[in-house]
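Asks: Mind looking over this structure? Questions follow.
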């Protein structure tokens, strides 16, 4: 083989090998490990990136907040419940960048440092994966459902839609630390109404099982009434005979994803 041909092939091979890591980085999809640092503390979280991901277009983004059972520091437990479980069953149904932070052991999402790391993970993912800030959605179950209301009330106008599941506002006997922090301020005698007022016209779809032994269904019913009073944009689905785990049915609802994709801050 002529020397020039050998040199040419070697050069081409080197170029291909050099480009491979970049190409791989651009096409990496699925559940990805990430870390964010807030006030000197590092937190592991995961981001789901659809198989057809491309930076040629902006992507809608979902921030998912897990329940009390998935707390820890491994960055993994939260990826086997709720929306992550639904993705594994039907990934093509979720054309979103989905951010899944993990609440620390013994902590709750309504604590400022936990909210800070969740929102930092959201912002980092928006930057890395070309997220559309007009189509940010917030959802959570149980402990994460309480935080969905809390974060939305603290950040009015930031999210295009909310999906709280088996959630509540006031603390429960078994879980006194689970609450929307507005209840700590004695000047708010009606925290349901105050939350509804603060989120304003942000569309909401609530889900709850009427046999929930952990978070009484009355919590979601009270919020539905409060949203009705403030002329809020909301939907409420209550599952007869369903206990605390109403999230599997909620995330499997065929109309949920189309409804989310209809919501945008531009509207």
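Asks: Within region 90-117, which residues are without any contact (Cβ under 8 Å) to a residue 60 or more places away in the chain and assigned to a helix (DSSP H, G or I)?
Replies: Of everything in region 90-117, those that are without any contact (Cβ under 8 Å) to a residue 60 or more places away in the chain and assigned to a helix (DSSP H, G or I) turn out to be 91, 92, 112, 114, 115.
Asks: Also, quick follow-up: Taking residue 84, is it in a helix (DSSP H, G or I), touching a strand residue (DSSP E or B) at 6+ places or on another chain (Cβ under 7 Å) and either modelled with pLDDT under 90 or within 21 Å of residue 145 (Cβ to Cβ) (or both)?
Replies: Working: in a helix (DSSP H, G or I): yes; touching a strand residue (DSSP E or B) at 6+ places or on another chain (Cβ under 7 Å): yes; either modelled with pLDDT under 90 or within 21 Å of residue 145 (Cβ to Cβ) (or both): yes.
The answer is yes for residue 84.
Asks: Now for a separate question. Among the residues of region 53-67, what is the count of those that are in contact with a helix residue (DSSP H, G or I) (Cβ under 9 Å, 6 or more places away or on another chain) and surrounded by fewer than 17 Cβ atoms within 10 Å (Cβ to Cβ)?
Replies: 2
Asks: Right, next: Among the residues of region 226-258, write down those that are more than 24 Å from residue 174 (Cβ to Cβ) and part of a helix (DSSP H, G or I).
Replies: Within region 226-258, 227, 228, 229, 251, 252, 256, 257, 258 qualify.
Asks: Moving on. For region 154-162, does any single residue satisfy the condition of being farther than 20 Å from residue 119 by Cβ and part of a loop (DSSP other than H, G, I, E, B)?
Replies: no
Asks: Just checking, how many residues over region 257-267 are buried (at least 18 other Cβ atoms within 10 Å of the Cβ) and either farther than 17 Å from residue 206 by Cβ or touching a strand residue (DSSP E or B) at 6+ places or on another chain (Cβ under 9 Å) (or both)?
Replies: Total meeting the criteria: 2.
Asks: When you go through 254, 240, 186, 216 one by one, which is the residue that is surrounded by fewer than 20 Cβ atoms within 10 Å (Cβ to Cβ) and within 16 Å of residue 144 (Cα to Cα)?
Replies: Going through 254, 240, 186, 216 in turn, just one is surrounded by fewer than 20 Cβ atoms within 10 Å (Cβ to Cβ) and within 16 Å of residue 144 (Cα to Cα): 216.
The values are calculated or read from the model by the stated rules, or taken from the named source; none is laboratory data. Being a predicted model, the structure only gives us computed values, none of them experimental. Heads up, the Cβs are rebuilt from the backbone with ideal geometry, glycines too, and the neighbour counts pull from every protein chain shown.
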